[in-house]
Amino acid sequence: GYGPGMMWGGGYGPGMMWGGGPGWVGNAQTAESFADGQLAFLKAELRITEQQMPLWDKFADVVRSSTKVMFEHREKMFDRDWANETLPQRLELREQFMADGLAALRRTTDTLKPLYAALDQNQKEIADQLLGFPMMGPFHGAF
């Protein structure tokens, strides 16, 4: 069986399943490749049918775009010279990062709900086990 959040959870907190945990080294291309690999794994585990493909494609596109956006935001956060930022500036940047993550999560949820509704019971059980514990990574915003 699968443990809760096995795929998306461990090490990739809300930052997203795709963003990588603290100390993760990579670039936007690496993040996108990782997202593609995780999506391919999920698609295979769920055994997405031909009829479910249009909903899957919408979901996967949002995950990919959210991953890219959130990775770019992470890079901006880590590349800043925080020593020269005031506390209000730091808080504003953190708030913006969190708002972007929430927007990405909402986009993902909006495409996941119709896909989830189209899954059969076995697929839903697999999805319940693989996704969402804890909220995923770049997917800080994505899941």
Once the in-chain neighbours fewer than 8 apart are removed, the lysines whose Cα is under 22 Å from K76 read K68
Looking only at aspartates and glutamates whose Cα falls under 19 Å of K43's and that sit 8 or more positions away or on another chain, we get E32, D57, D61, D110, D120, E125, D128
Ordering 117-123, 87-93 by per-residue average of other C-beta atoms within 10 angstrom, highest first, gives 117-123, 87-93
Mean Cβ-within-10 Å packing, highest first, puts peptides 37-45, 104-112 in the order 104-112, 37-45
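Any read-out appearing in this document is the output of simple, stated calculations on the displayed coordinates, not a laboratory observation. On a predicted model such as this, the values are computed, not experimentally measured, just so you know. Every residue, glycine as well, gets a Cβ built from its backbone with ideal geometry; the counts of neighbours run over all protein chains shown.
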